[in-house]
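Enquirer: The following block contains the structure, expressed as C-alpha cells.
The values are calculated or read from the model by the stated rules, or taken from the named source; none is laboratory data. Predicted model, so just to flag it, every value in this text is computed and none were measured. Cβ: placed from backbone, ideal geometry, glycine included. Neighbour counts: every protein chain shown. Just the protein is used for accessible areas: all its heavy atoms, side chains included, with ligands, DNA and RNA removed. Shrake-Rupley method; radii C 1.70, N 1.55, O 1.52, S 1.80 Å.
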Amino acid sequence: MPFKNIKTKHKILLVGVLLLLAFLLIPPVKFKNTTSTVLLDRDGQLLSATVSDEGMWQFPEVDTVPEKFAICLTQFEDAYFKYHFGVNPVSVVRAAKQNIQARSVVSGASTITMQLVRLSRRGKPRTFYEKIIEIFLAIRTELSYSKRTILAKYASHAPFGGNVVGLDAAAWRYFGTSPDNLSWAESATLAILPNAPGLIFPGRNQDQLIAKRNRLLTKLKNEGYIDAETHRLALLEPPPNPAGRLPQDATHLLTRCIHDGLKGKVVQSSINRRLHENSNRIAMRYHRHFMANGIRNMAAMVVDNRTGEVLVYIGNILSDKPENSSRVDIIRSKRSYGSLLKPFLYGFMLNEGLLLPRQLVNDIPVAFAGFAPQNFSKTFEGMVSANEILSRSLNVPSVNLLKQYGVDKFHNNLRQMGLLSLDKSPSHYGLSIILGGAEASMWELAGIYSALANKTGCVRGGHSALRYRLDSTVSVKPMFNCDAIGSGAAYLTLEALTQASRPGEDGSWRHFIASQRIAWKTGTSYGFRDAWAIGVTPGYTVAVWVGNADGEGRADLIGVAAAAPVMFDIFSLLPVDNWFAAPWFDLKTVITCKQSGLMASANCFDTVRQCVPLVKTRTLPCSYHHRIYVDKSQRFRLSHGCAPSDEMVETCWFVLPPAQEWFYSKAHADYRMLPPYRKGCAEAADKIPNIALIYPYPGTDIYIPREAKGVKGQSIWRAAHRNPAARIYWHLNDTFLGETRGIHEMPVSPLPGNYILTLVDDDGEVLQKRIRIIGD
C-alpha cells in the first residue's frame, strides 16, 4: 500500500506539473490586426496618419497611458484593477448571483484584463464556456505583463466608436490632441466609450454620453482624484466634435514612410510643424495664382544644413480633382532640372584650376553634332565672365565650359556627389546634361546644394545626409558629398550665386533682402515644363518646384518668375544667418587682367587682385591684350617705318576675336574697336585676325527649304570685319558669290553637299570654313 500511495502521489504531482506547464505555455493575449501608419512632427505632435488595412483608425500599440486616462478608466471599468490577479472574485460572485436571479446574462464581472482578452478573441460568443476561457487567459496575461502594460494594451485596442480604435486615434479624432494633453473631462469621455462603443459615441446619443461622463467626473471628485473646482469646470466642457478629423499634413511624407518600409509604425519626423504650416500657406497663396494659368502643382523642401534634417516636406499641393495629379510626390519624382547643375560645373573647374571667377568665356552661336544651345534671351554677347554665366544662367557659355571640361568627368563627379538618378552613360546625355538634358529628384538636388553649403562652411566635411526621421541611429542613404569641390571653390561658387538678379518686387522677401544674403539658382526645363529655384545660406537650403506633374508645359512657367518668389518668401520665415566666412586656408590671391579675368600677362596694363582656390592655376595668361602702335589721336594704327617715331604711341589694346567682338561690341558700349591701319602702314605679318564668319556658325548643318511653288529657298550667310570700310569677297568652292561692304550678308542657295567657303578682304586676309548643306 505505501508503494501504491507513493506512485499515486507521483501521478498527482506529474499531472499537476503538466497542468502548470500547459497553463504557462498558453500564450498571453496577442493581436494580429494591422495598424495605421502614423507621422509625428519633431515635437511628437500628429501630422497625419493612414487607416489600417482593415479600414480602422488604429495607431500602433503604446507602452503606457497618461495618468488621467488611467484613473478615469479604472474608476469606470475596474476600480480594483490594481489589486486583483486578472479576475475579481467579489465581482464574479456578485455577477453570478445577478445572472441566476435574472435567469440571463446581465452582468459579466469582466475586469479590464478580461476585456483585453475578449478584444484579442474577437467574434467569440458571450457564453459560460467562453467566460471560463477568458478567466484562464486573464490570469495568464497577469502573469506575463505588468499592470501598466495591460492598461496600455487595452487602451491601444479598445473600440472608441465608429472605425476608431485605440486611445491615441480617439484623442486626435475627437479632441484634436495627443492623449497626454487631455483634460479630465476629455479623459473621462474617452474612458466610457469602450463600454458600449456601438451605442454611445460622439455624434450618437450625445446626451447619454455627457450624462455618463458627468457621473464619472462626480465619482472622481468623491474619491478625491479631483477637487471641487476642477469638477465644476470639467462639467462645463462641451462634448467632443463628432465631425472631428485627424490632421492630414505632410501626407506625401507619410506615403514615403510607407514606401520606405515603415508601414504600420509611428514615425517621428524632423518636420518643424509651424514652419511647415507657414510654408504651406505661402505655397497655397501662390498656387491659387498659378492655377489660373493652368499650372496645377508645386513642391517645396527646407533642409537644416547643419544636421541634414528636413524641416519642411511639401510633396505637392493637395486637390480633390484627380486630373491635378496632386498625389504625386514631386520631391521623390525625377524631373528635368534645367540649369541647376551649372554651379557644380563652375565649382569643379575652379577646383581644378581650369577656370578663374572672372574669366571671359565664349558666348557666340555654336553647334555640336546637331546640338545648338541657345540662351534664354535668344541673344549672344560674344564673351561673358564666368561668374556672370551663373548669375544670369547663360546656356551657350555653359555648354562651352562643359565641352572643355568633359562630359564623362562631369557625369562621374555628379554621381559621386550622390546624383544617382543619372543612371545612364555620359554619352547618352551628352552636352545637354548641363541644360537639363537629364532628370533628378528634388531630394537629390537639395542634397547636393546642402553639401555645397556645408563644404563652404566646413560643416561635416562637405557632406549632407538628408533625413526626415529624428532617429539618428537610422542609416541614411545616399550620402551627398562635395568631395570634388574644395572649400575655396565652394565659397567662390556661392559668392557668384549671390549676384543673381532678383524676381519682381511682389514678395514679402523684399523686406529682409538687405540683411539676408542667399546663394540661389533657378532652372527652367525644355518646353517650360519645370520651374525650379534652390537657395542656400549657411543654415538652410530651400528648394521649390512649380509645374504640372503630368509634364504639360506652360509658356510662363519660368524658374525666376514662378519658383523664385516662393523660395524667397519661405526664406523670410527662417532665421537670418551670417554669411559664410571665407575659407582662407583654401584660397590664394592672384593678379588677373581686369578686362579678361585671366592671369595678367605683360601686356595687361589694368590688373586686379582676385581670390582663387589654392590649387595650381592651369589657365593661360591673358592673350587678348596686344601691344600696338597708334597715332596720338588713337584713330589709326601705325607700323615701323610708316610714321616718324615722335608720332608713334605704344599702347596695349584689348582685342577680342572678330566673331566674339561682333557680338560683344553690341552689348558693351565701352568696348573700343581696334583702330584700322593708317593708309600705307599695314603690316603683312599682322597676327590679329580681322575676318569672322558669324553664320553659318561652327558645327551646324544648313537646311534650305523650298518656298512656295517649289522654288528653292535661300540662306543668308553673315560675316564680320573689324574695319567697317573693308570689302569681303565670297567664294563657295570655286564659285565667286559676290562682294560685301559694311553689312556683310550674302544670300546663297547651294545644293546639298559639302563645301568650302572662302572669305578674302581688301588686304588679302583669308578665312576658310567647311560648310555642309543638307536637304532634298
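Enquirer: I'd like to check something: does the stretch 188-203 contain any residue that is surrounded by 24 or more Cβ atoms within 10 Å (Cβ to Cβ), over 21 Å from Asp43 (Cβ atoms) and among the small types (Gly, Ala, Ser)?
Expert: yes
Enquirer: Tell me the residue from Gly353, Gly347 that is modelled with pLDDT of 95 or more and in a loop (DSSP other than H, G, I, E, B), please. Show your work before the answer.
Expert: On the way: Gly347 fails: in a loop (DSSP other than H, G, I, E, B).
Result of the check over Gly353, Gly347: Gly353.
Enquirer: Restricting attention to the stretch 748-769, and to residues there that are open to solvent by less than 50 Å² (accessible area, probe 1.4 Å) and among the hydroxyl-bearing types (Ser, Thr, Tyr), which single residue is farthest from the chain's Cα centre (by Cα)?
Expert: Going through the stretch 748-769, the residues open to solvent by less than 50 Å² (accessible area, probe 1.4 Å) turn out to be 748, 750, 753, 755, 757-761, 764-765, 767.
Add one more test, that the residue is among the hydroxyl-bearing types (Ser, Thr, Tyr), and what stays is 755, 758.
Values: Tyr755: 50, Thr758: 53 Å.
Residue satisfying both the conditions and the ranking: Thr758.
Enquirer: Looking at Asn222, Asn241, can you tell me which residue is surrounded by fewer than 16 Cβ atoms within 10 Å (Cβ to Cβ) and touching a residue at least 24 places away in the same chain (Cβ under 8 Å)? Show your work before the answer.
Expert: On the way: Asn222 fails: touching a residue at least 24 places away in the same chain (Cβ under 8 Å).
Matching residue, one of Asn222, Asn241: Asn241.
Enquirer: Another question, if that's okay. So, in the stretch 693-736, how many residues would count as being surrounded by 18 or more Cβ atoms within 10 Å (Cβ to Cβ) and more than 54 Å from the chain's Cα centre (by Cα)?
Expert: Residues in the stretch 693-736 being surrounded by 18 or more Cβ atoms within 10 Å (Cβ to Cβ) and more than 54 Å from the chain's Cα centre (by Cα): 3 in total.
Enquirer: Only one of Glu134, Glu142, Glu130 is crowded, with 20+ Cβ neighbours inside 10 Å and closer than 17 Å to Val29 by Cα. Can you tell me which?
Expert: Details: Glu142 fails: crowded, with 20+ Cβ neighbours inside 10 Å; Glu130 fails: crowded, with 20+ Cβ neighbours inside 10 Å.
On inspection, the qualifying residue turns out to be Glu134.
Enquirer: Go through the stretch 357-436 and tell me which helices (runs of 4 or more DSSP H), entirely inside it, have 3 or more residues that are hydrophobic (A, V, I, L, M, F, W, C) and out of contact with any strand residue (DSSP E or B) (no Cβ under 7 Å at 6 or more places or on another chain).
Expert: Details: elements: 386-392, 395-405, 407-417, 426-429.
Helices (runs of 4 or more DSSP H) meeting the threshold: 407-417.
Enquirer: Using beta carbons and a limit of 8 Å, which pairs, at least six apart or on different chains, have the first residue in the stretch 571-599 and farther than 30 Å from Met383 by Cα and the second one of a type in the set (Lys, Arg)?
Expert: Hits for this filter: Trp579/Arg517.
Enquirer: Just wondering, is there one or more residues in the stretch 556-566 that are free of Cβ contacts under 8 Å to residues at least 40 places away in the same chain, closer than 30 Å to Thr524 by Cβ and small (Gly, Ala, Ser)?
Expert: No.
Enquirer: While we're here: Would you check which residues across the stretch 437-456 are out of contact with any strand residue (DSSP E or B) (no Cβ under 8 Å at 6 or more places or on another chain) and touching a residue at least 60 places away in the same chain (Cβ under 8 Å) and list them? Break it down into steps so the answer makes sense when it comes.
Expert: Of the residues in the stretch 437-456, the ones out of contact with any strand residue (DSSP E or B) (no Cβ under 8 Å at 6 or more places or on another chain) are 455-456.
Once the filter is applied, which keeps residues that are out of contact with any strand residue (DSSP E or B) (no Cβ under 8 Å at 6 or more places or on another chain) and touching a residue at least 60 places away in the same chain (Cβ under 8 Å), the stretch 437-456 yields only Thr456.
Enquirer: Right, Leu341: within 17 Å of the chain's Cα centre (by Cα), within 30 Å of Leu587 (Cα to Cα), buried (at least 24 other Cβ atoms within 10 Å of the Cβ) and touching a residue at least 12 places away in the same chain (Cβ under 8 Å) or not?
Expert: Details: within 17 Å of the chain's Cα centre (by Cα): yes; within 30 Å of Leu587 (Cα to Cα): yes; buried (at least 24 other Cβ atoms within 10 Å of the Cβ): yes; touching a residue at least 12 places away in the same chain (Cβ under 8 Å): yes.
Yes.
Enquirer: Going through the stretch 244-263 one residue at a time, which ones are among the hydrophobic types (A, V, I, L, M, F, W, C) and surrounded by fewer than 18 Cβ atoms within 10 Å (Cβ to Cβ)? Working first, answer last.
Expert: Pass one, the stretch 244-263, residues among the hydrophobic types (A, V, I, L, M, F, W, C): 246, 250, 253-254, 257-258, 262.
Ile258, Leu262 - these are the residues of the stretch 244-263 that are among the hydrophobic types (A, V, I, L, M, F, W, C) and surrounded by fewer than 18 Cβ atoms within 10 Å (Cβ to Cβ).
Enquirer: Here's a follow-up. Which condition does Ser326 not pass, out of (1) under 17 Å from the mean Cα position of the chain (by Cα); (2) of a type in the set (S, T, N, Q); (3) open to solvent by 10 Å² or more (accessible area, probe 1.4 Å), if it passes all the others?
Expert: (3)
Enquirer: Something else about it: Given the options Leu402, Leu414, Leu420, name the one that is among the aliphatic types (A, V, I, L, M), open to solvent by 30 Å² or more (accessible area, probe 1.4 Å) and on the phi < 0 side of the Ramachandran plot. Talk me through it step by step, then tell me what you get.
Expert: On the way: Leu402 fails: open to solvent by 30 Å² or more (accessible area, probe 1.4 Å); Leu414 fails: open to solvent by 30 Å² or more (accessible area, probe 1.4 Å).
None of the others qualify; the one that does is Leu420.
Enquirer: Taking the stretch 297-339 as the region of interest, how many residues are of a type in the set (Lys, Arg) and at pLDDT 95 or above? Full working, then the answer.
Expert: First, pick out the residues of the stretch 297-339 that are of a type in the set (Lys, Arg): 306, 321, 327, 332, 334-335.
With the extra rule that they be at pLDDT 95 or above, the set shrinks to 332, 334-335.
Total meeting the criteria: 3.
Enquirer: Further, regarding this structure: Go through the stretch 265-314 and give me each residue that's closer than 13 Å to Gly547 by Cβ, open to solvent by 30 Å² or more (accessible area, probe 1.4 Å) and of a type outside the set (A, V, I, L, M).
Expert: Within the stretch 265-314, Asn293, Arg296 meet the criteria.
Enquirer: Can you confirm whether the stretch 689-704 contains a residue that is under 30 Å from Gly641 (Cα atoms), at pLDDT 85 or above, among the β-branched types (Val, Ile, Thr) and assigned to a strand (DSSP E or B)? Even if it seems obvious, please write down each step before you answer.
Expert: If we filter the stretch 689-704 for residues that are under 30 Å from Gly641 (Cα atoms), which is where we start, we get 689-692.
Narrowing further to those that are at pLDDT 85 or above: 689-692.
After this cut, where a residue has to be among the β-branched types (Val, Ile, Thr) as well, the list is 691.
Adding the requirement that they be assigned to a strand (DSSP E or B) leaves 691.
Scanning the stretch 689-704, I find at least one residue that is under 30 Å from Gly641 (Cα atoms), at pLDDT 85 or above, among the β-branched types (Val, Ile, Thr) and assigned to a strand (DSSP E or B), so the answer is yes.
Enquirer: Would you point out which residue out of Lys378, Lys334 is touching an Asp or Glu at 6+ places or on another chain (Cβ under 7 Å) and basic (Lys, Arg)?
Expert: Values: Lys378 fails: touching an Asp or Glu at 6+ places or on another chain (Cβ under 7 Å).
Result of the check over Lys378, Lys334: Lys334.
Enquirer: Of the residues Thr230, Thr189, Thr218, which single one is touching a Phe, Trp or Tyr at 6+ places or on another chain (Cβ under 7 Å), hydroxyl-bearing (Ser, Thr, Tyr) and closer than 22 Å to Glu67 by Cα?
Expert: Thr230
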